[in-house]
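Below is one structure, written out as structure tokens; comments come after it.
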Amino acid sequence: MLDLLHKVIFAFISGFSELIFASASAHQLLYRTVTGQAMDDIFLPLAIHAGCLVALLLNYIKRIKRLRYEQRLLRPGRRRRGRQADIASLMDVRILNTAVVPLILGFLLYQKAAHWISAPIFVALILTVNGVVLFLPRLLKSGNKDGRMFTQLDGLLMGIAGVMGIFPGFSRVGCMYCIGVARGADKEYALDLSYLLCIPAVLAMLCFDLYGCAVATVAVSGLQ
């Protein structure tokens, strides 16, 4: 019963940290260190990332449907009379498509980065850097860029910043948000893009978890 309680608390802390300006991997290390629990259940990360993905989709499903609808308006015969596709929404799609490329490619390092979690000094250093990065938007003037003015280069830089989230101590949402604000985006718009980009990022982690569970299951079956 106590083991189950530890897993529930661990999952809550991990999932909550993944969706705020905090590092999920660093909080996982802290919880393991404080409680002495190994938390080596191969299905636990899968459950955590599945929960995060569901939470993000529930929150942004209307926005995603709207972006898809605006794209469909560009197809021949799909335009309604007097209704043109929203330029800002179309630019949002291009920005997201550009940003997701480095974000997904960065996950090629995901498994290697996961092994670095066991180095507390390294994590503490990264947490310090992350704190400085998150403080920077307070020093910058609030921008006013939205989908009409934000460029694909800006989106690319946000995607590259999101790659930092694979390293323990960096907040994925926080890094992308800070780069968005630094590039002149409205703070609400930058936060919105950051969470939208978290959807493919969490989906990528979920795929890694599924692969790891499949490999482990096959290995166990082979030993029996």
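The values are calculated or read from the model by the stated rules, or taken from the named source; none is laboratory data. This structure is a prediction, so every number in the text was calculated from the model and none was measured. When we count neighbours, we look across all protein chains shown, and the Cβ atoms used for this are built from the backbone with ideal geometry, even at glycine. Heavy atoms of the whole protein, side chains included, go into the accessibility calculation; ligands, DNA and RNA do not. Shrake-Rupley method; radii C 1.70, N 1.55, O 1.52, S 1.80 Å.
Observations on the structure shown:
- When ALA182, ALA204 are checked against the criterion of being open to solvent by 10 Å² or more (accessible area, probe 1.4 Å), under 11 Å from the mean Cα position of the chain (by Cα) and of a type in the set (Gly, Ala, Ser), a single residue qualifies: ALA204.
- Unmet requirement for PRO45, which otherwise passes all of (1) modelled with pLDDT of 80 or more; (2) farther than 24 Å from PHE122 by Cα; (3) not polar (S, T, N, Q): (2)
- Scanning the range 134-159 for residues that are at pLDDT below 85 and small (Gly, Ala, Ser), we see that the one that is nearest to LEU197 (Cα to Cα) is GLY147.
- Near pairs, Cβ below 9 angstrom, 6+ apart or cross-chain, from the range 1-14 (over 20 Å from SER171 (Cβ atoms)) to any residue that is open to solvent by 60 Å² or more (accessible area, probe 1.4 Å) and at pLDDT 75 or above: LYS7/ALA47
- Pick from the range 139-175, criterion among the β-branched types (Val, Ile, Thr) and open to solvent by 50 Å² or more (accessible area, probe 1.4 Å), ranking: nearest to the chain's Cα centre (by Cα): ILE160
- Every condition in (1) touching a Cys at 6+ places or on another chain (Cβ under 8 Å); (2) buried (at least 21 other Cβ atoms within 10 Å of the Cβ) holds for LEU136 except the one numbered (2).
- The number of residues in the range 36-57 being open to solvent by 50 Å² or more (accessible area, probe 1.4 Å), under 20 Å from PRO168 (Cβ atoms) and β-branched (Val, Ile, Thr) comes to 1.
- In this entry, ALA214 is excluded by the filter for residues that are over 17 Å from the mean Cα position of the chain (by Cα) and within 22 Å of ILE20 (Cβ to Cβ).
- Tally, over the range 136-151, of residues that are more than 25 Å from ARG94 (Cα to Cα) and either touching a strand residue (DSSP E or B) at 6+ places or on another chain (Cβ under 8 Å) or not in a loop (DSSP other than H, G, I, E, B) (or both): 3
- Being within 17 Å of SER194 (Cα to Cα), in contact with a Pro (Cβ under 7 Å, 6 or more places away or on another chain), open to solvent by less than 40 Å² (accessible area, probe 1.4 Å) and among the small types (Gly, Ala, Ser) is true of SER23.
- Scanning the range 102-119 for any residue that is surrounded by 14 or more Cβ atoms within 10 Å (Cβ to Cβ) and modelled with pLDDT of 85 or more turns up at least one such residue.
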